[in-house]
Amino acid sequence: MATIASAFADLRTLDALATQDSVIHRLDPRIKVLTAALFVVCVVSFDKYVVAALLPFGLILSLIMGLGGVPAGVIFKKLVLVAPFALLVGLGNPILDQQPLLSIGPVAISGGWISLLSILLRCCLTVGGMLVLIATTGFNEVCRALERMGLPAILVVQLLLLYRYLFVLMEEGQRLHRARALRSFAGRGLGLRSFGPLLGNLLLRAHDRAQRIHRAMRCRGFDGTMRSPHTPHLTVRDVLLLVLACLVLIGMRRHDCALLLGQLLTGLLP
Amino acid sequence: MSPPLVEVRDLIHTYPDGTAAVRGVSLALHRGETVAVIGANGAGKSTLLLHLNGSLTPQSGTVRIGDMPLTTATLGTIRRTVGMIFQDPDDQLFMPTVAEDVAFGPLNLGLPPDEVAARVERALQRVGVAHLRQRPPYKLSGGEKRAVAIATVLAMTPDILVMDEPSASLDPRARRMLIELLAGLGHTKIIAAHDLDLVLDLCERTIVLREGRVMADGPTRDIFSNEQLLAASHLEKPLRMQACPACGRKTG
């Protein structure tokens, strides 16, 4: 439970980063959301054995992190948390796909290992991309951007409230868990038998709180739409940057930059 | 005497689980009064308060605010007139930042952006938390959350403030600051509280509820001097009106 709590606490560090000021932070959130989405689409649409062509995307991501003042350590820690899931997805590949694809000296590397590496790399790039988006924009601004781009308001309200009350819910869950742990000895009373009622209790509390929040919102004239005080305007610079980002990303998707660079270098060598 | 600003007549409310929370309450409040509603847990204080701005609608009896009866048609106007401050500020502060939360009500009233900004600024200044403007509410202390919750209501410029346990879970200093803040607000105030010392500081009049009925309604000092009444309502004299046991022991 404590680790989950600290993971959530960590989530807030991204928001703290989002309050910084940098070239990346100053961009319109919509531009960043669109670019991030294209980034993800490009990365996941590669063929399953592609590894080298993915690397330039990592380079781009680290460039953005550098410009946006996002410390690599923060992103890395979160990637380590997610990586096991990707590992699980790709774990069967080396066993199922043993056709040698590449040989380094006497060692033949099968397609399975290559595709496993590719999956891990993609996981790091896509999750990393999203984390960098939030660290340079802030979760709430991402939601707002989505709303302005046409996501139904009801979903946006859900997301915003979920994010706001995640912490409150966690704390409530933790209190329940602690109260149970304090009265269970030698592992007795910690099993599923008491976990059910505990979860049920949490659900009822959450339901009560939801009602109170709704009441408080109604008291202040809430009618289903979330109104925002500031409406940012797209500048020409934002649009130009979006076009540039699209060109770069699509270019990197269509042409294997790592290969081109390699060819260029080997071509230069006599 | 001018007509009452808030008038509740024969109000009855029974919850769906059969709990009869309010069983025939009548009261009248005049402009500028600060009135306490006290009583044991489950005496019906919160339920009564929820009727005052239409969060609950009367099952029987009437609620009038100013010259308007509380009906679904008048709900919007009444909610603008009666500002409700809830017991748990976490329920009331749901927006990403303090400023956005305070702006929530005025934006919903359809006010122009510069008027909204001015109101947010004024409300935050009034409760003394202008420096918290850009902070997310979940990171504030209990006292700060309470102050912001009050600002969110003040930004809608209500005539009447309804508060449920405003000093609950505040540290002594935050509580003192809250009392000073509330004393400085000229609104008509209705405060439900267990903190009877706060009542003594703020309210000239007190209404005692017991099992959903009004037991007494009168000047606060008279009510607090009536030990029989207090005991019957599961209450105690405020500490300040009790003989000091420490000093008493010394002299006795």
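Annotations for the structure displayed:
- Pair list, Cβ < 6 Å and 6+ apart or interchain, from the range B:51-70 residues that are closer than 12 Å to B:R9 by Cα to residues that are small (G, A, S): B:L70/B:G54
- Pick from the range A:147-191, criterion in contact with a Gly (Cβ under 8 Å, 6 or more places away or on another chain) and loosely packed, with under 15 Cβ neighbours inside 10 Å, ranking: nearest to the other protein chains (Cβ to nearest Cβ): A:A153
- The listed residues are B:L70, B:L49, and the only one of them that is of a type outside the set (V, I, T), in contact with a Gly (Cβ under 8 Å, 6 or more places away or on another chain) and buried (at least 18 other Cβ atoms within 10 Å of the Cβ) turns out to be B:L70.
- Filter pass, A:E141 being surrounded by fewer than 19 Cβ atoms within 10 Å (Cβ to Cβ), modelled with pLDDT under 90 and of a type in the set (D, E): no
- If you filter the range A:207-235 down to residues that are more than 26 Å from B:M163 (Cα to Cα) and polar (S, T, N, Q), you find that the one that is farthest from the other protein chains (Cβ to nearest Cβ) is A:T235.
- The one condition in (1) loosely packed, with under 15 Cβ neighbours inside 10 Å; (2) more than 14 Å from every other protein chain (Cβ to nearest Cβ); (3) assigned to a helix (DSSP H, G or I) that A:L204 fails to fulfil: (2)
- All positions within the range B:1-36 that are polar (S, T, N, Q) and crowded, with 17+ Cβ neighbours inside 10 Å: B:T34
- Hey, B:G39 out of contact with any helix residue (DSSP H, G or I) (no Cβ under 7 Å at 6 or more places or on another chain), at positive phi, buried (at least 18 other Cβ atoms within 10 Å of the Cβ) and not β-branched (V, I, T) or not: no
- Any hit, the range B:117-129, residues being among the β-branched types (V, I, T), out of contact with any Phe, Trp or Tyr (no Cβ under 9 Å at 6 or more places or on another chain) and over 22 Å from A:T225 (Cβ atoms): yes
- Scoring B:I179 on the criteria (1) touching a helix residue (DSSP H, G or I) at 6+ places or on another chain (Cβ under 6 Å); (2) of a type outside the set (K, R); (3) surrounded by 20 or more Cβ atoms within 10 Å (Cβ to Cβ); (4) without any contact (Cβ under 8 Å) to a residue 24 or more places away in the chain leaves a single failure, condition (3).
- Any hit, the range A:221-230, residues being farther than 30 Å from A:T35 by Cα and either surrounded by fewer than 13 Cβ atoms within 10 Å (Cβ to Cβ) or hydrophobic (A, V, I, L, M, F, W, C) (or both): yes
- Residue within the range B:145-154 that is of a type in the set (S, T, N, Q), buried (at least 17 other Cβ atoms within 10 Å of the Cβ), under 17 Å from the mean Cα position of the chain (by Cα) and within 14 Å of chain A (Cβ to nearest Cβ) present: yes
- Within the range B:7-120, strands (runs of 3 or more DSSP E) holding 3 or more residues that are more than 12 Å from chain A (Cβ to nearest Cβ): B:20-29, B:34-39, B:60-65
- The set of residues from the range B:193-230 being over 18 Å from B:Q242 (Cβ atoms), among the charged types (D, E, K, R) and surrounded by 17 or more Cβ atoms within 10 Å (Cβ to Cβ) comprises B:R205, B:R210.
- Whichever residue in the range B:121-145 is out of contact with any Pro (no Cβ under 8 Å at 6 or more places or on another chain) and not in a helix (DSSP H, G or I) and, among such residues, is farthest from B:R176 (Cα to Cα): B:Q134
- Residue check, A:V127 free of Cβ contacts under 8 Å to residues at least 40 places away in the same chain, β-branched (V, I, T) and out of contact with any Phe, Trp or Tyr (no Cβ under 9 Å at 6 or more places or on another chain): no
- The set of residues from the range A:1-25 being surrounded by 12 or more Cβ atoms within 10 Å (Cβ to Cβ), at pLDDT 75 or above and either within 30 Å of A:Q174 (Cβ to Cβ) or over 18 Å from the mean Cα position of the chain (by Cα) (or both) comprises A:T13, A:L14, A:D15, A:A16, A:L17, A:A18, A:Q20, A:S22, A:V23.
- Enumeration of residues in the range B:183-192 that are of a type in the set (G, A, S) and surrounded by 19 or more Cβ atoms within 10 Å (Cβ to Cβ): B:A192
- Those residues of the range A:231-270 which are closer than 19 Å to A:L54 by Cα, at pLDDT 85 or above and surrounded by 13 or more Cβ atoms within 10 Å (Cβ to Cβ), in sequence order: A:A245, A:C246, A:V248, A:L249, A:I250, A:M252, A:R253
The values are calculated or read from the model by the stated rules, or taken from the named source; none is laboratory data. Predicted, not measured: the structure shown is a model, and the values here were computed from it. No Cβ is skipped: glycine too gets one built from the backbone with ideal geometry, and neighbour counts run over all protein chains shown.
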